[in-house]
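S.K.: Have a look at this one before I ask anything.
The values are calculated or read from the model by the stated rules, or taken from the named source; none is laboratory data. If you're wondering where the values come from, they're calculated on a predicted model, not measured in any experiment. Cβ placement follows ideal geometry from the backbone for every residue including glycine, while neighbour counts extend to all protein chains displayed. Only protein heavy atoms, including side chains, enter the accessible area calculation; ligands, DNA and RNA are left aside. Shrake-Rupley method; radii C 1.70, N 1.55, O 1.52, S 1.80 Å.
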Amino acid sequence: MNTELVSRTGLVPEQMIAPAPADVLELAVERVLAAVRPSHLTDPLAGSLAAEQALREALRTVDGASADDAYACAVACAEAACEHLRYCELQEARLLLVAARGQLVRSHAGRA
C-alpha cells in the first residue's frame, strides 16, 4: 500500500466517507467564528471577506430545505451572517454565527 495515501485515520481515500452537510456547515461556522474574533483580526476588511468566502463555500454544499427546522434555521443564520460579513459588520455576523451554532446543536440533539 502506498503510505502517502493513508490518512491519519488509517483509511485510504476510497474508504473515507464524505462528511454530512450538517457537519460541513458546523465546522465552517466554528472556523469563521474563530476567524472574526476581535483579537484575531489584524485587517478587518480582508479577514471579513475571507470569512465570508469560506462560509459561502460551505453553504454551497448544504441543503437548506430539510425536515429538521433547527437545521433550516442554522442555514438561514449562516446565510444572514454572510451578508453581514460582506459589509464588514463583524458584531452582527458573530451574533448570527453563534445563533447558527446553537441551532446546529439543537439539530444534532434532535437526530440523536
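S.K.: Which pairs have Cβ atoms under 8 Å, sit 6 or more apart or on different chains, and link a residue in region 45-62 that is under 20 Å from Asp23 (Cα atoms) and touching a residue at least 24 places away in the same chain (Cβ under 8 Å) to one that is surrounded by 15 or more Cβ atoms within 10 Å (Cβ to Cβ) and of a type in the set (Asp, Glu)?
M.R.: Leu59/Glu79
S.K.: Name, by its number, the condition in (1) open to solvent by 50 Å² or more (accessible area, probe 1.4 Å); (2) modelled with pLDDT under 95 that does not hold for Val12.
M.R.: (1)
S.K.: For region 48-73, name all the residues that are modelled with pLDDT under 85 and within 16 Å of the chain's Cα centre (by Cα).
M.R.: Those that are modelled with pLDDT under 85 and within 16 Å of the chain's Cα centre (by Cα): Val62, Asp63, Gly64.
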